[in-house]
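Only one structure is covered here, and it is reproduced in the block below.
All of the numbers you see were taken from the coordinates with simple rules; none came from a lab. Since the structure is predicted, the reported quantities are computational estimates derived from the model, not experimental observations. Note that we place each Cβ from the backbone using ideal geometry, even for glycine, and neighbour counts take in every protein chain shown.
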Amino acid sequence: MTAGVSDRRPTWVEVDLEAIRSNVAAIRTRLEPGTALMAVVKADGYGHGAVAVARAALTAGAARLGVATPEEGAALREAGVTAPVLVLGPTAPEQWPLVAEYGLEAAVADAATAGGLAAAARQQGRVVGVHLKLDTGMGRWGLLPEECDRPWVEALLRGRLSPWLRPAGLMTHFATADAHPDPGTRDQLARFLDVVERLRTTGLLPGCLHAANTAATCRYPGTHFTLVRVGLGLYGLYEDPACPAQRPALRWLSRVVFAKDVPAGFAVGYGATYRTSAPARILTVPVGYADGYRRALSNRHEVLIRGRRYPVVGRVSMDQITVAVPPGSGITVGERVTLLGCEEGPGGRVCIGAGEWARRLDTIPYEVVTGIGARVPRRYQGAGPDGRESLEAPASR
């Protein structure tokens, strides 16, 4: 489906790129001197669109970009983004050539990956920067601190493992920095600092140290080091008083495509799980679980129309939801419906944010926004004068 065709769908996401720039600028004011910001744009920019978000973040002063997979990094390169891109996740042998081909950096935690990346880099004739990944308490993947004395680690950090590998950084990831209370970040930081000191005394410490995600960036200045990795805060989705004021960058909108007045006792949707208790107007909105509007929200969520909340009634279908409004409301076909975002209403500003979605679904805001499907077109506001954002990191920061 071409962009022009998909843009006609009456269900869409609006992404405010000025909000992305504002969030980057606000977080940068909180960084320790000499600390740079990595904009994490994995999962298609948390559902916002990786290329557009990357351009906006770089314009606002982000120095680097982070992705989960080499394929995500390759997509940025093919869109013309030349800023440093680090693949944060583990990589498989079939992905190693992509890292070298597209000039990406990669996290490593084992000798096999380091050797495979070196071979791919040699074949491509392009040196690859690698960041040694430590597992200080996350428990997923990474080199344990006590394993840092292995011969391959010393060879890598001395630049002797392969002339095709450049030791670019040392990193870890915090498991509980967003928890209240936080049971583990200080312990993880202590383990990381112990490795840093050991490597420093032996002359093996690489130049770039990074550990902080959005939560740690806001709550623990002592974790800033050379670089912070900001994901959720970039999109205005991190709800914590320790973080500077953020602007949510995403709104999910639709329009009413059908409306009918029904009597009391009228059944709505699959399974007839909802019956009107009084006469009502039932609105059909063209969005469903295939778009990321979760079926678990059936009969337990709301939308905004004209700045007021109205209930989603009946089961969420694959492609449609139904909303109940008073029969005399005057709401009819063509009315805008806010699924996620804010509107001005009679009593002031009213919002249904990703945090509210997450609480209803017993999940986290990340899952909400990354779950918005690919068939929902993204429309961008606040682009540069030429309609595009910068493709490169700024010369100074």
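Annotations for the structure displayed:
- Filtered residues of the range 162-175 (kept if in a loop (DSSP other than H, G, I, E, B), in contact (Cβ under 8 Å) with a residue 40 or more places away in the chain, surrounded by fewer than 21 Cβ atoms within 10 Å (Cβ to Cβ) and not hydroxyl-bearing (Ser, Thr, Tyr)): 164
- Looking only at the range 185-216, residues that are within 21 Å of residue 168 (Cα to Cα) and within 19 Å of the chain's Cα centre (by Cα) come to 4 in all.
- Residue that is surrounded by the fewest Cβ atoms within 10 Å (Cβ to Cβ), among those in the range 128-161 that are touching a helix residue (DSSP H, G or I) at 6+ places or on another chain (Cβ under 8 Å) and part of a strand (DSSP E or B): 143
- Complete set of residues in the range 78-100 that are surrounded by fewer than 17 Cβ atoms within 10 Å (Cβ to Cβ) and farther than 20 Å from residue 36 by Cβ: 78, 79, 80, 92, 93, 94
- Applying the condition of being over 24 Å from residue 330 (Cα atoms) and of a type in the set (Gly, Ala, Ser) to the range 241-287 and asking which residue is surrounded by the most Cβ atoms within 10 Å (Cβ to Cβ) yields 249.
- Among the strands (runs of 3 or more DSSP E) confined to the range 243-304, the ones with at least 3 residues that are farther than 24 Å from residue 363 by Cα and not acidic (Asp, Glu) are located at 258-262, 280-285.
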